[in-house]
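What follows is a set of notes on a single structure, which appears directly below.
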Amino acid sequence: MSWGTELWDQFDNLEKHTQWGIDVLEKYIKFVKERTEIEINYAKQLRNLSKKYQPKKNSKEEDENKFSSCRAFLSTLSEMNDYAGQHEVVSENMTSQITAELARYVQELKQERKAHFHDGRKAQQHIETCWKQLEASKRRFERDCKEADRAQQYFEKMDADLNVTKADVEKARQHSQLRHQMAEESKAEYSAALQRFNQEQRDHYHTHIPNIFQKIQDMEERRIVRLGESMKTFAEVDRQVIPIIGKCLDGITKAAEAIDQEKDSQCAVEAFKSGFEPPGDVEFEDFAQPLKRASSECSLAAPGKEGKAATTGKAKGKLWPFIKKNKLSLKLGGGPEDFSHLPPEQRRKKLQQKVDELNKEIQKEVDQREALTKMKDVYIKNPQMGDAGSVEHKLAELGQNLERLRQEAQKFEGWLAEVEGRLPVKTEPGRRQSGVCETPNTLTVNHCAQDRESPDGSYTEEPSQESEAKVPPPAHEFDDEFDDEEPLPTIGTCKALYTFEGQNEGTISVTEGETLFVIEEDKGDGWTRIRRSEDEEGYVPTSYVEVFLEKNAKGAMTYI
């Protein structure tokens, strides 16, 4: 079915129809553009979402990655990032394969349409010109015929009139003949113009216009085919990324299936295990024996030692797992350098981690030193390559760094060995751990090793550990029973290695380099009792001071 034969008289409607087709194509281009914008915005939002929930460096969230559920979540974030990338691919492909191509095609289509309709208007103008020529020839023939009739009538009238001269009659006859001749010529010209117009009209409606309309029809059909192909491409661009999106979703599913609740539970044990033994049963304390009350004010008896511990109403036994820590001491990860504020097991892990980090730094410095040494040897053998003295300063700096790192590593390794040698051993489950405070004077009340709360609100790991924090009993708890207690004698001196802020009751503040008197040595709980003046005494961590006991003191030795 051809537009040239079926729609030969619908030139204006075809012009409107083809313009509507171009408008449809431009509308589809606009639709695809908006789709690409949606895809790129969606990809951007997905990437921002994935980035928002990524763990920050040097944060607590990095430690959580040892749990399989957290690793699965990280895998999900990574897959979502790749998922977003596929939507960016969709946007890019639609822009290049559809939007750009169709925009170029629309410009070509407009130019082609313009040329076809220009040819159609030109053909229309030509046939209209031919028609006007035919009409002019026809009117001229009609006019000449009428003039010839009037001339014939005038001649006949003059010929019938007896009063008219013969010369006038001859003149009228000649005029009539001339008009008839002109009418014959106009007739011949009109006949020729009519034949030409009919031929032009046949060519116009059966050749020129069908050809032009056929070209317009072909153009319109190509537009429709191109639109359909673009719609297929629209679907194909999405279909191409489906396998990759499927792999992303499969990755999320695989990560979810890799979650192991038993391993996560074990990780929780490793992360939070303190290393302490559960407390045993509380022994009966017989208050009917008043003479034994003076032996100690501790509420718990140490396993393996003889004697019972008596307590007053003021000295309370503490269950260390349920004591609230001093929140101020835990802010911003605060704590001593040797991690003595942590339980034994956690302290061991932190120390081991620190030793490993220092060993890596040492190895890095050693490698750099070896490289610089080789470079120096090359410079010595080949002076033209460089100055050997230029690396001396760097080698000296590396040597100082190595020495510092090795001292640090040795210090932490010492603490680690100390912790590993003092981790608790299983005891009888039926007995509660307690401690008997040893002191040369039975009237002197020492702090109980079983009290697990340190002056800064943290826990100690074992009674014998020097570096662990331990809360000494407040002096006022026993003032009512020992008002007449004699001051303890001085058994040595000590020098403060570090500054210590004694914020809890029973402790005393010292500054680095300060010399004080020792009145009670470390009983294995990590605290030493010192005196600055008659009215100022208290406990400080043993690891913060260097103790010099007098030779005649019991168990005289030096603590560093």
*Answer yes if at least one residue in the range 485-495 is under 53 Å from the mean Cα position of the chain (by Cα) and either open to solvent by less than 50 Å² (accessible area, probe 1.4 Å) or closer than 28 Å to P343 by Cβ (or both), and no otherwise.*
no
_Looking at the structure I just gave you, is N81 among the polar types (S, T, N, Q), out of contact with any strand residue (DSSP E or B) (no Cβ under 7 Å at 6 or more places or on another chain) and at pLDDT 95 or above?_
no
_Positions within the range 343-383 being farther than 30 Å from G414 by Cα and either part of a helix (DSSP H, G or I) or of a type in the set (D, E) (or both), in sequence order_ = A371, L372, T373, K374, M375, K376, D377, V378, Y379, I380, K381, P383
*Is one or more of the residues making up the range 505-518 touching an Asp or Glu at 6+ places or on another chain (Cβ under 7 Å), among the aliphatic types (A, V, I, L, M), open to solvent by less than 50 Å² (accessible area, probe 1.4 Å) and modelled with pLDDT of 85 or more?*
yes
*asked:* Within the range 47-63, does at least one residue satisfy the condition of being of a type in the set (S, T, N, Q), touching a Leu at 6+ places or on another chain (Cβ under 8 Å), outside any helix (DSSP H, G or I) and modelled with pLDDT under 90?
replied: yes
*Return the total of residues in the range 337-388 being of a type outside the set (K, R) and under 19 Å from F272 (Cα atoms).*
12
*Scan the range 1-28 residue by residue and report those that are within 17 Å of H206 (Cβ to Cβ) and of a type in the set (F, W, Y).*
W3, W8, F11
*All but one of (1) open to solvent by 40 Å² or more (accessible area, probe 1.4 Å); (2) in contact (Cβ under 8 Å) with a residue 12 or more places away in the chain; (3) more than 27 Å from A258 (Cβ to Cβ) hold for V90; which doesn't?*
(1)
*Among the candidates A167, A151, A136, which residue alone is assigned to a helix (DSSP H, G or I), of a type in the set (G, A, S) and either open to solvent by 100 Å² or more (accessible area, probe 1.4 Å) or under 30 Å from A123 (Cα atoms) (or both)?*
A136
*When the residues of the range 519-544 are filtered to those that are of a type in the set (G, A, S) and part of a loop (DSSP other than H, G, I, E, B), which remaining residue is surrounded by the fewest Cβ atoms within 10 Å (Cβ to Cβ)?*
G524
*Kindly provide the set of residues from the range 337-356 that are farther than 21 Å from C267 by Cα and open to solvent by 30 Å² or more (accessible area, probe 1.4 Å), ordered by number.*
E337
_So E34 ticks every box in (1) without any contact (Cβ under 8 Å) to a residue 12 or more places away in the chain; (2) more than 35 Å from the chain's Cα centre (by Cα) but one. Which box is left unticked?_
(2)
*Among the residues of the range 384-408, how many are in a helix (DSSP H, G or I) and free of Cβ contacts under 8 Å to residues at least 24 places away in the same chain?*
15
_Close pairs (8 angstrom Cβ cut-off, 6 or more residues apart or separate chains): within 18 Å of H206 (Cβ to Cβ) in the range 121-144, among the acidic types (D, E) and surrounded by 14 or more Cβ atoms within 10 Å (Cβ to Cβ) anywhere_ = H126/E200; I127/E200; C130/E200
*If a residue has to be assigned to a loop (DSSP other than H, G, I, E, B) and under 15 Å from P343 (Cα atoms) to count, how many in the range 259-278 make the cut?*
6
*Among the residues of the range 237-244, is there at least one that is at pLDDT 70 or above, open to solvent by less than 40 Å² (accessible area, probe 1.4 Å), in a loop (DSSP other than H, G, I, E, B) and not charged (D, E, K, R)?*
no
*asked:* For the range 22-40, check the following and say yes or no: at least one residue is aromatic (F, W, Y), surrounded by fewer than 16 Cβ atoms within 10 Å (Cβ to Cβ) and modelled with pLDDT of 95 or more.
replied: yes
*Considering each of T5, T36 in turn, give the residue that is in a helix (DSSP H, G or I), among the polar types (S, T, N, Q) and under 23 Å from S230 (Cα atoms).*
T36
*Check the range 382-404 and report whether any residue there is surrounded by fewer than 12 Cβ atoms within 10 Å (Cβ to Cβ), more than 30 Å from R348 (Cβ to Cβ) and acidic (D, E).*
yes
_Can you pull out every residue in the range 245-274 that is among the hydroxyl-bearing types (S, T, Y) and surrounded by fewer than 15 Cβ atoms within 10 Å (Cβ to Cβ)?_
T253, S265
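The values are calculated or read from the model by the stated rules, or taken from the named source; none is laboratory data. Predicted model only: the values in this text are computed from it and were never measured. Reconstructed Cβ throughout: ideal geometry from the backbone, glycine too, with neighbour counts over all protein chains shown. Calculation scope for accessible area: heavy atoms of the full protein, side chains included, ligands and nucleic acids excluded. Shrake-Rupley method; radii C 1.70, N 1.55, O 1.52, S 1.80 Å.
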